[in-house]
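The next block holds one structure in the form of structure tokens; read it before the comments.
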Amino acid sequence: NEEIPRLPGETRVTDKDVIYMCPFNGPVKGRVYITNYRLYLRSVETDPVVVLNVPLGVISRIEKMGGASSRGENSYGLDITCKDMRNLRFALKQEGHSRRDIFEVLTKHAFPQSHNLPFFAFANEEKFSENGWMVYNPMCEYRRQGLPNERWRVTFINEHYGLCDTYPSLLVVPYNATDDDLKKVAAFRSRNRIPVLSWIHPENQAVIMRCSQPLVGMSGKRNKDDERYLDIIREANGQISKLTIYDARPNVNAVANKATGGGYESEDAYPNAELFFLDIHNIHVMRESLKKLKDIVYPNVEESHWLSSLESTHWLEHIKLVLTGAIQVADKVSSGRSSVLVHCSDGWDRTAQLTSLAMLMLDSYYRTIEGFEVLVQKEWISFGHKFASRIGHGDKNHADADRSPIFLQYIDCVWQMSKQFPTAFEFNEQFLITILDHLYSCRFGTFLYNSESVREKEVSQATKTLSLWSLINSEKSKFTNPFYTKELNRALYPVASMRHLELWVNYYIRWNPRIRQQQPNPVEQRYMELLALRDDYMRRLEELQITNNSKIPNSSASSASPSQMMSHVQTHF
Amino acid sequence: PGELLLCEANTVYKYIQEDGSNRGTYGKLICTNFKISFLDEDSASDDNEPQFKNKIIGENDITLQCVDQIYGVYDEKKKLLTGQLRKYPEKLIIYCKDLRVFHFCLRYTKEEEVKRIVSGIVHHSQTPKLLKRLFLFSYASAAPNNTGGRNQTVMFDTLEDWRDELERTKGNVKYKAVVTNEGYRVSEKLPLYFVVPICVSEESILKFQGRGIPIWCWSCHNGAALLKMSAFPKEQDDNTSQMQKAFLDGIYRTISNPPYELLKTEDLSSSLPSLQDIQTAYTRFKQLFLIDNSTDFWATDVKWFSLLESTNWLEIIRRFLKKAIEVAECLERQNSNVLLIEESATDLCCVISSLVQVMMDSYSRTKSGFQSLIQKEWVTGGHSFLDRCNHLHKNDKEEAPLFLLLLDCVWQLVQQYPPAFEFTETYLTVLSDSLYVPIFSTFFFNSQHQKDTNTTGESLKTQSGPFKFLTVWDWSVQFEPKAQALLSNPLYAEKLKPDKSQRKTTRFKHQRQLSLPLTQTKSSPKRGFFREETDHLIKNILGKRIGKFIINSSDEPHNSFKEFYDSWHSKPVDYHGLLLPSIDGPEIKVWAQRYLRWIPEAQLPGGGTIATAAKILDLMEEVQSLQVKMDEEHSQAISRDVQAVPMLRNSARLSSLFPFALLQRQSIKPALPTSTWKDLEDEDDLVKRDDEFVDLSGDMS
């Protein structure tokens, strides 16, 4: 009966009177509506109306609070933990089975994977003017980079994911390495993730390669094919310097990995390579760090010792290390003296962060809306960042140790860069926040599943789901930074100093009404107004010139004097 | 003019503070009665003039008052230099109050020259001196002051100025300007003219040298007034304190009866940090930005947030802002007068009363309004600039950076609400630098009385007439018009005057587009819902707080503050109305422009807020040139190609430290942290774990 927003394909499941325990302003009476996509709450008897609009995908955990015998008002109900830095609490009446029903419905639709149900993405019937699945075509992207060329070739060895089931089907490798070589190398790299090309510098031909750790083990095994393969890579940029290997892990962890068969490239085995550790911590450390961050910002912002509390979460420190690592990679490549190989343990978390950030620093194409979509599609989605495991899409197991905010951390790094260089990116903050919102929402197929092979085997994704980029590219102006100034081939190095790193308040603390978000940003708004004014003046000037040229007297009647109209543009000159 | 060379040294080597390397230039180091200056040997070749140049103080000039600390380096060890020296250092490091750091190598300088320059610099910048020896006086007697016309700043040194201010704020019904202090009959701390409630008699003002008398600062639109009072010192003698108490009671009685509003008193010395606390905090804070080299920079970076917090400076800013909001709440919402009490009423009172006015009176957010406010509350108001800045090195214990504290608090507001201010953060930064430029009288006296007695110059034999000092508000003394443009905020949303032409809205559509207040978006539902109504709901229908999810709402006075603060923040901002700062932890920031501007490691080539500001300025120029062209077309004049010279050439590559850093020293190398990681001891288990524990050696077999 009442209007609630619904997407095409979204169906209503149930609704119920509840009390929303707003953490900021106390209990609010309302009605909650549950569909197969969202939880929607509208308050009653309040002015203005309180609204909650939560895609079920962001729910990480649903708990019952209080029992049938609990006393005290509002102590009986549901407690919902979300992946996007907030918790929701609803109080219910104790009579009947009111809570059991809503709990079951919510659990079923929030965790479809645990109930053998499909994601909402498969039911979504939205229509967009743009097709986001067309944004990324690996062949086109490599061609844009000038590949293949006489030193680098495209191989289809992984067409059916036979070489490596977590890699994309299309790979770029040194021209001088045969497919046979690749197979031998695969045996020596964790999960067969061999070194392949991510990016090539258009001028000096130095490259960024990515892979997983070598399977050195306790005994310090060596593999001639791997050693030779790395040497081929080293030589491919036409320089005779060493190959630089960045191991994203802290030194001790890399050593510890030997115990389970992994390890790193030793100097003895790889005399032509230089190895550096970047000291970035593992997924568990990052998960704990974000948890601590949530503790100090939700629901209340820690007041008395904000700065030391923030420091104790280490969140910005991790950001600093990731950025520092990426700067090193980018600087090495752009100095042209050496190609770079990046890996961590498996090469799908820290490695993806480093390569894609370095590429963002070096290649201005990735700083456009479409370029960034390509970058995410390529370095993250196609190269097997395990979105399903890291986010836990539709999975009820909230304590799964595989979950970790690696992609969020990456987007935060991008935000830090855009904050430091406000004219260098075509996209705005809203673009990044939208990506993060749909990282969890399960409304689009973009971030579902762990790898390309799964996506292709289990579903033919492009035909059954929609792409997030369809939504974004259909209303690009909403996501465009008006200050963007196109600059080609300019390396952009952020300063990875705590003095410049900031907590992304508009994302992490956005639910708190006390934290002011000036929307629209007054600086941006002013600029837009000036732009509109300029365009209008240009149009009218043109008109005037036409009128004057045709020598029609009495042209002054056409419009008000422009100087009158300028009275609110400040003059400083 | 008036500058005398005191000593000099040749072949001094000045390091360029850019990297760890020992690059630098040779030149001559001189010390005058005005400044310490390094003269580059090949300075002539420098045609890359900085665009934002100070006409008085060059890049390598340090006024004597700007010197903070001088260190000598002996065998790689740093030692603070004060007073007499037995040994002379091989390297001299000068830390400035505007946070510049200079490194001079004296190894190649003749020994006697080293002796002379080092002891000269230390003597002239670090030892106590007489007021009359300030460069201010030599300058004023040597340079004929021909800045005839007054600028728009109200100086508050005449009765007229006070009357005008009363009229402007409509305070003249209940308050009057008095001449009781002519000839400083009442007190040397008070200005010649000031304003008191009409019912206060001249005798009572004279009774305790002006102590115990409420002095008017400002009147709110609803008639409530902000007052200040200098309190009686603690008296041992019972009789005296009885008398004082009786006197105060009398005063309170007269001014809390109608027509006066309810009176609230605020004893600032008990509710705010002491001057000592403020000084200690600032001393620690500034140390974080006086950085010797890159290693230093990255070493302090690791623990940056806790270092910042341990200085307590940001917390002090927060407390002052909060106090100012509390005062504003009393005035605005409770409609009561607020009487600020402090022993001298010239320190904490100045900060709070100025802040309250900046928040409540949009006139104080214009340039001339702000300058008049500083005149009213600080300069004429009797803030002891000379002692608080320790310009004469007489008593270190008197030093306290209260004016800087105000500027930093105002900066917080400027960065939170850019369109509300006519001036920029650059304005605040150069104003803070001007504290140390002894050619302006503004910040070099303790009181109006002190200035007057020293100006008329009874004992001056060399000069006949009284001195004519410059005021800092004449910005043309320091900056060319082009540089002055950077002090004005292009985002400032000028107040719309009810002008006839604007009623024809259809024809003047663009005016509406340009004026920010009119294009404010409606309050979003998300924000709007946190209104008082919900409070009502909580109390009446649903009761009870639950768990940790409800913000603590215990005591009443705190609550009314919170309610005021929250309800203001739930509405869209009117840039010309009341302006309350956000004081949550993440909202109080480091004034990066002032504190980071000389640190090359903190530089973002082509980045920072200046990048967007430059784009706005460029676009404004474009619009203006279009306007000129259109006017020409209108008048059918022959179209000359009017090329406006862009002020910020190559704006895309400005340094984020613009306008203070030089642009040409751009290295392509990114800044890389040199020391980065500290142990995560508390999370040892997690750290050691692998991402996903899979025994890879198993795969091999």
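Every number in this text was worked out from the coordinates using simple rules, so none of it is lab data. Worth saying up front: this structure is predicted, and the values here are computed from it rather than measured. Positions of Cβ are generated from backbone atoms using ideal geometry, with glycine treated the same way; all protein chains shown enter the neighbour counts.
A few points about this structure:
- Backbone geometry of the stretch A:413-422 corresponds, through the Karplus equation with coefficients 6.51, -1.76 and 1.60 at θ = phi - 60°, to 3J(HN,Hα) couplings of 4, 5, 4, 4, 5, 5, 6, 6, 10, x Hz, x marking Gly and Pro.
- Order by protection proxy (mean Cβ within 10 Å, highest first), peptides A:59-71, B:279-291, A:184-196: A:184-196, B:279-291, A:59-71
- Per residue of peptide B:615-628, the mean number of Cβ atoms on other chains within 10 Å of the residue Cβ is 6.
- Label-to-label distance, nm, for residues given as B:GLU76 and B:ASP296 (7 Å Cα→Cβ offset): 1.7 nm
- Residue-averaged beta-carbon neighbours from other chains (10 angstrom radius) around A:49-60: 1
- Cross-link partners of A:LYS242 among lysines (Cα-Cα below 21 Å; sequence separation of 8 or more within a chain): A:LYS224, A:LYS332, B:LYS669
- The stretch A:164-172 - phi-based ³J(HN,Hα) in whole Hz, Karplus 6.51/-1.76/1.60, Gly and Pro as x: 8, 7, 10, 9, x, 6, 10, 10, 10
- Straight-distance candidates among the aspartates and glutamates for linking to B:LYS367, with alpha-carbon spacing under 13 Å and chain neighbours fewer than 8 residues away dropped: B:GLU422, B:GLU425, B:ASP474, B:GLU494.
- Ordered by the count of other Cβ atoms within 10 Å of each Cβ, fewest first, A:LYS83, B:LYS78 give B:LYS78, A:LYS83.
- Take each residue in A:536-543, count the other chain C-beta atoms within 10 Å of its C-beta, and the mean is 4.
- Bridgeable lysines around B:LYS91 (alpha carbons under 20 Å apart, same-chain partners fewer than 8 residues away excluded): B:LYS14, B:LYS28, B:LYS35, B:LYS77, B:LYS78, B:LYS79, B:LYS110, B:LYS115.
- Distance from the Cα centroid of the stretch A:367-419 to that of the stretch A:222-268 is 26 Å (rounded to whole angstrom).
- Note that the stretch B:567-577 has calculated 3J(HN,Hα) couplings of 6, 5, 6, 7, 10, x, 6, 9, 5, 10, x Hz, one per residue in order, obtained from phi through the Karplus relation 6.51 cos²θ - 1.76 cosθ + 1.60 (θ = phi - 60°); glycine and proline are x.
- Applying 0.36 nm per residue to the separation of A:PHE276 and A:SER75 and subtracting their alpha-carbon distance, the gain on full extension is 66.9 nm.
- Segment B:GLU41-B:GLU59, extension gain: residue separation times 0.36 nm, minus the distance between their alpha carbons: 5.0 nm
- In this simple spin-label approximation, B:LEU262 and A:ASN137 carry label points 7 Å from Cα along the Cα→Cβ vector, and these lie 7.4 nm apart.
- Here B:LYS87 and A:ILE546 are evaluated by their C-beta separation; at R0 = 56 Å the FRET efficiency comes out at 0.10.
- Positive contributions from Lys and Arg (+1) and negative ones from Asp and Glu (-1), summed over other residues with Cβ under 14 Å from the Cβ of B:LEU268, come out at -3.
- Taking label positions 7 Å along the Cα-Cβ direction at both A:MET218 and A:MET528, the computed distance is 6.3 nm, reported to one decimal.
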